[in-house]
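Participant: The structure under discussion is supplied below as structure tokens; questions concerning it will follow.
The values are calculated or read from the model by the stated rules, or taken from the named source; none is laboratory data. Keep in mind that this is a model prediction, so the values were computed, not measured. Using ideal geometry, Cβ is built from the backbone for each residue, glycine included, and neighbour counts are taken over all protein chains shown. To get the accessible areas, we keep the full protein, side chains included, count just its heavy atoms, and leave off ligands, DNA and RNA. Shrake-Rupley method; radii C 1.70, N 1.55, O 1.52, S 1.80 Å.
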Amino acid sequence: MQTGEAFVANRGDFGKLDLTGRYIVPPLFDSFQSFIGERSLVIEGGRGSGKTTLLGYLSYRTQFGESYGKNSRSDIGVCLRADSQFLRTMTGLDHDEDYWLKVFDHYLALYFLREILNAIELILRKKSPNDPLVMDLAVLKGFDAGFPDNYKDFVTYVKLSQNRMYGWLQNGAHSDEHPVFLPCRHILAAFMEIVRESIPELSQSRLLLFIDEYENLLAYQQRLINTGIKHSGQHGIVFNIAVKRNGMPIKETIKGGERLQVTHDYKLISIEDHLLGSHFSTFSAELLLSRLYSDSSHMKSIIGLVELSDPRPETLKVRLGNDYKKRVISEARRLLPRPSHDELGSYAISNPTLLRQLQLWIKRGLESRNEKLLMESFILPDYPSASVVCGAILMQKKGVTDASMLLEELGKHSKGEKSNFTTGKEWIHNFFLGSFIRLHRSPNTPIIAYAGFDNYVSLANQNVRNFIELCHWAFMNSEQEEGGSGHMIKPITPLLQAQASRKAANELFREVSGSGDFSTRLQSLANGLGQIFKAKQESLTQSEPESSHFALPGGCDEDASKLLVEAVKWSVLIPSSETKTKDPRIEFEEYRLNPIFSPHFRISPNKGKKTEFTPTVFNTLCSGDRSAISDIISSFSVPEFDTGTQHAIDFES
């Protein structure tokens, strides 16, 4: 199998898979698992952060699967993915909300009953596959007189009831034909009591219900689930949800005046902070190596006897150790090498197209100062990273007093002496990446500055799916065979990695168009921001070369605020606390365009100087008005050679 195919599966499908041996337990899982079953969990994370796969690992399909009895939990974990298209059939049709509450509650009861029965079947296959299960279910007739009183017939009855319900919904959900509605929490409590009495292996089991993509539920459906959360723990049943950021705006239950309270009713778990934390780089390296090498001898030489799917504290402690992290990250960096600044500079100088752009830039800088020095004096092949930033420094009015001063600093740098290139003004550190990216004038020219394992981790920004997508295209382009036989896989060249980053970024940006009810405006907002940051990147002075985040000190209107909430929910924007505020008394959030889009817009993923938008400007960016947004973007655009003047963005003055 080719290496690229190892990354094809980038989304968890808990409904069909036993993840035994394939799930990499997050590094901070030990602290997380102490909460499982003890109280309701609200697992929050961005799109592609690994919520669905985590629920698949906690479900009975994995816990009672191939590795049953080895580090597995005795609780019955059942997952329901909220299918918005199906759930929206449970509304309207001249029925009031109370009627649909009963319908939805009945649907949940049948779904969870059938999943519990599937879990029991897995247990029975391992325990005594030939012995029929004896279970007295007569007490359940109190919910529906048609219920059989033996296990075998009950399984069939639940399946038929579920199918009848789907048909009833499809044919108009007429009230005079509705089934006997089952109260979900009550019938599950009664059935679980029978299960615990009938199956010794499950005598202490709790029922853990996980609702994935909770934000897809209708408002009344969310209130019903909230009610389950409010009363979690009763009869050993615990409701849990997985939700995108800003995906739980409703805190009310079905009981008037009753609301959920964080801490008191549930534990809020951020999958990025509480499960990955500062260890995303190590986790990404483990993911990369496990996909490529599987159980090969080379993999074992790197991780030793560590099992990545082992949730035991002693195993997690080893994985958090410095020696272990150094080994896995070192191999990941070998597979996805990152060019140094000097290697990038040499690439630019040896590439005729990029070299021509650098020559024009330096020449324009000399002309703007009326200098007679030769352009070639500022391009030293042996000191390429310093050469790349010379154009930007010459264009800056405050950078150097004259070109001779810059040439003098370049001479010091070439002799290994202290200079403003590496100390003091730190020109290379501050201006290299922005300058290097700006040399790429053709939209089809790959930018190898995006290459490297560490850069892929930065682009992914704590998002597992984004990292997998980057790796998929990088190794797909390489057309190598995977390392299952034990051989070492060859490194992916920076050029192939760059092409892959652009391909992944383009695909993920296109997906914004499918992000909920506001998808068109979300994509318009993301495109507007990306084009503005690109325009700032284009400045010959490079005074704001790595602009990728913004703040709204003046706020925005209600409509823009709603879109902002959706942008965070769908991970188009990443919120964070305000940084570098001039007045420490002022605190407000800033937002970063998702770094994964950086190769699409050909901008730096780093957080450089922040842009502050006034209400009028940001409201317009959120409006979806193409003409007005285009005017704003145009105001940032710079000519091929500019004077270095920064564009104002406050259109209200």
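Participant: Looking at the range 365-407, which of its residues are assigned to a helix (DSSP H, G or I), more than 19 Å from N430 (Cα to Cα), out of contact with any Asp or Glu (no Cβ under 9 Å at 6 or more places or on another chain) and open to solvent by 20 Å² or more (accessible area, probe 1.4 Å)?
Facilitator: Across the range 365-407, the qualifying residues are E367, S368, M375, E376, S377.
Participant: Among the residues of the range 250-267, which ones are open to solvent by 50 Å² or more (accessible area, probe 1.4 Å), among the charged types (D, E, K, R) and touching a residue at least 60 places away in the same chain (Cβ under 8 Å)? Before the answer, list the steps.
Facilitator: If we filter the range 250-267 for residues that are open to solvent by 50 Å² or more (accessible area, probe 1.4 Å), which is where we start, we get 252, 254-257, 259, 261-264, 267.
This time we only want the ones that are among the charged types (D, E, K, R), so: 252, 255, 259, 267.
Once the filter is applied, which keeps residues that are open to solvent by 50 Å² or more (accessible area, probe 1.4 Å), among the charged types (D, E, K, R) and touching a residue at least 60 places away in the same chain (Cβ under 8 Å), the range 250-267 yields only K267.
Participant: Among the residues of the range 523-550 satisfying the criterion of being touching a Gly at 6+ places or on another chain (Cβ under 7 Å) and assigned to a helix (DSSP H, G or I), which is farthest from K607 (Cα to Cα)?
Facilitator: Filtering first and then ranking leaves S524.
Participant: Something else about it: Look through the range 604-626, keep the residues that are open to solvent by less than 60 Å² (accessible area, probe 1.4 Å) and in contact with a strand residue (DSSP E or B) (Cβ under 6 Å, 6 or more places away or on another chain), and return whichever of them is modelled with the lowest pLDDT.
Facilitator: Taking the range 604-626 as the starting set, the residues that turn out to be open to solvent by less than 60 Å² (accessible area, probe 1.4 Å) are 604-605, 608, 610-611, 613-615, 617-624.
From the residues that got through so far, the ones that are in contact with a strand residue (DSSP E or B) (Cβ under 6 Å, 6 or more places away or on another chain) too are 610-611, 613.
Numbers: K610: 86, T611: 89, F613: 91.
So the residue we want is K610.
Participant: Can you tell me which residue is most open to solvent (accessible area, probe 1.4 Å) among those in the range 208-223 that are assigned to a helix (DSSP H, G or I) and among the charged types (D, E, K, R)? Walk me through it before giving the result.
Facilitator: In the first step, residues of the range 208-223 are kept if they are assigned to a helix (DSSP H, G or I); the result is 214-216, 219-223.
Subset that is among the charged types (D, E, K, R): 215, 223.
Details: E215: 27, R223: 51 Å².
Among residues in the range 208-223 that are assigned to a helix (DSSP H, G or I) and among the charged types (D, E, K, R), the one most open to solvent (accessible area, probe 1.4 Å) is R223.
Participant: Out of contact with any strand residue (DSSP E or B) (no Cβ under 9 Å at 6 or more places or on another chain), aromatic (F, W, Y), at pLDDT below 90 and outside any loop (DSSP other than H, G, I, E, B) - does that describe any residue in the range 97-119?
Facilitator: So far as the range 97-119 goes, no, none of its residues is out of contact with any strand residue (DSSP E or B) (no Cβ under 9 Å at 6 or more places or on another chain), aromatic (F, W, Y), at pLDDT below 90 and outside any loop (DSSP other than H, G, I, E, B).
Participant: Which of the numbered conditions does D136 fail, given that it passes all the others? Conditions: (1) of a type outside the set (S, T, N, Q); (2) in contact (Cβ under 8 Å) with a residue 24 or more places away in the chain; (3) in a helix (DSSP H, G or I).
Facilitator: (3)
Participant: Given the structure, is N226 among the polar types (S, T, N, Q), out of contact with any helix residue (DSSP H, G or I) (no Cβ under 9 Å at 6 or more places or on another chain) and open to solvent by less than 10 Å² (accessible area, probe 1.4 Å)? Working first, answer last.
Facilitator: On the way: among the polar types (S, T, N, Q): yes; out of contact with any helix residue (DSSP H, G or I) (no Cβ under 9 Å at 6 or more places or on another chain): yes; open to solvent by less than 10 Å² (accessible area, probe 1.4 Å): yes.
Yes.
Participant: Looking at A504, is it within 22 Å of E546 (Cβ to Cβ), crowded, with 19+ Cβ neighbours inside 10 Å and in contact with an Asp or Glu (Cβ under 6 Å, 6 or more places away or on another chain)? Give the steps one after another, and end with the answer.
Facilitator: Details: within 22 Å of E546 (Cβ to Cβ): yes; crowded, with 19+ Cβ neighbours inside 10 Å: yes; in contact with an Asp or Glu (Cβ under 6 Å, 6 or more places away or on another chain): yes.
Taking the combined requirement at face value, the residue satisfies it.
Participant: Just for the range 318-333: of the residues that are open to solvent by 80 Å² or more (accessible area, probe 1.4 Å) and in contact (Cβ under 8 Å) with a residue 12 or more places away in the chain, which one is farthest from I468 (Cα to Cα)? Spell out how you get there, then give the answer.
Facilitator: First pass over the range 318-333, keeping only residues open to solvent by 80 Å² or more (accessible area, probe 1.4 Å): 322-323, 326-327, 333.
Cutting the leftovers down to in contact (Cβ under 8 Å) with a residue 12 or more places away in the chain gives us 327, 333.
Details: R327: 20, R333: 15 Å.
If we take residues in the range 318-333 being open to solvent by 80 Å² or more (accessible area, probe 1.4 Å) and in contact (Cβ under 8 Å) with a residue 12 or more places away in the chain, then R327 is farthest from I468 (Cα to Cα).
Participant: Here is a follow-up. Taking the range 183-207 as the region of interest, how many residues are assigned to a loop (DSSP other than H, G, I, E, B) and open to solvent by 10 Å² or more (accessible area, probe 1.4 Å)?
Facilitator: Total satisfying the criteria: 4.
Participant: What number of residues within the range 88-142 satisfy the criterion of being of a type in the set (V, I, T), over 20 Å from E177 (Cβ atoms) and open to solvent by less than 30 Å² (accessible area, probe 1.4 Å)?
Facilitator: At the first step, the residues of the range 88-142 found to be of a type in the set (V, I, T) are 89, 91, 103, 116, 120, 123, 134, 139.
This time we only want the ones that are over 20 Å from E177 (Cβ atoms), so: 116, 120, 123, 134, 139.
Remaining after also requiring open to solvent by less than 30 Å² (accessible area, probe 1.4 Å): 116, 120, 123.
Matching residues across the range 88-142 total 3.
Participant: Return the residues of the range 496-518 that are touching a residue at least 40 places away in the same chain (Cβ under 8 Å) and either touching a strand residue (DSSP E or B) at 6+ places or on another chain (Cβ under 8 Å) or among the small types (G, A, S) (or both); say none if nothing qualifies.
Facilitator: Once the filter is applied, which keeps residues that are touching a residue at least 40 places away in the same chain (Cβ under 8 Å) and either touching a strand residue (DSSP E or B) at 6+ places or on another chain (Cβ under 8 Å) or among the small types (G, A, S) (or both), the range 496-518 yields A498, S501, A504, A505, S515, G516.
Participant: In the range 455-469, what residues are over 10 Å from S284 (Cβ atoms) and either without any contact (Cβ under 8 Å) to a residue 24 or more places away in the chain or open to solvent by 30 Å² or more (accessible area, probe 1.4 Å) (or both)?
Facilitator: Answer for the range 455-469, where residues must be over 10 Å from S284 (Cβ atoms) and either without any contact (Cβ under 8 Å) to a residue 24 or more places away in the chain or open to solvent by 30 Å² or more (accessible area, probe 1.4 Å) (or both): N455, S458, N461, R465.
Participant: Which count do you get for residues in the range 229-249 that are under 28 Å from S515 (Cβ atoms) and crowded, with 19+ Cβ neighbours inside 10 Å? Give the derivation first.
Facilitator: Step one: filter the range 229-249 for residues under 28 Å from S515 (Cβ atoms), giving 229, 239-249.
From what's left, crowded, with 19+ Cβ neighbours inside 10 Å: 229, 239-245, 247-248.
Looking only at that region, the number is 10.
Participant: Taking the conditions exactly as written (at pLDDT below 95 and part of a helix (DSSP H, G or I)), does K562 satisfy them or not? Working first, answer last.
Facilitator: On the way: at pLDDT below 95: yes; part of a helix (DSSP H, G or I): yes.
When the stated conditions are applied, K562 passes them.
Participant: Tell me, which residue of the range 405-462 that is under 29 Å from S598 (Cβ atoms) and of a type in the set (D, E) is farthest from the chain's Cα centre (by Cα)?
Facilitator: In this case the residue turns out to be E426.
Participant: Grab the helices (runs of 4 or more DSSP H) fully contained in the range 263-332, keeping just those with 3 or more residues being farther than 15 Å from P27 by Cα. Give the steps one after another, and end with the answer.
Facilitator: On the way: elements: 280-293, 297-303, 313-319.
Hits in the range 263-332: 280-293, 297-303.
Participant: What's the total number of residues in the range 351-405 that are free of Cβ contacts under 8 Å to residues at least 40 places away in the same chain, at negative phi and among the polar types (S, T, N, Q)?
Facilitator: Number of matching residues: 5.
Participant: Could you tell me which residue of the range 7-53 is modelled with the lowest pLDDT, considering only residues that are more than 19 Å from the chain's Cα centre (by Cα), surrounded by fewer than 17 Cβ atoms within 10 Å (Cβ to Cβ) and among the charged types (D, E, K, R)?
Facilitator: Among them, the one singled out is K16.
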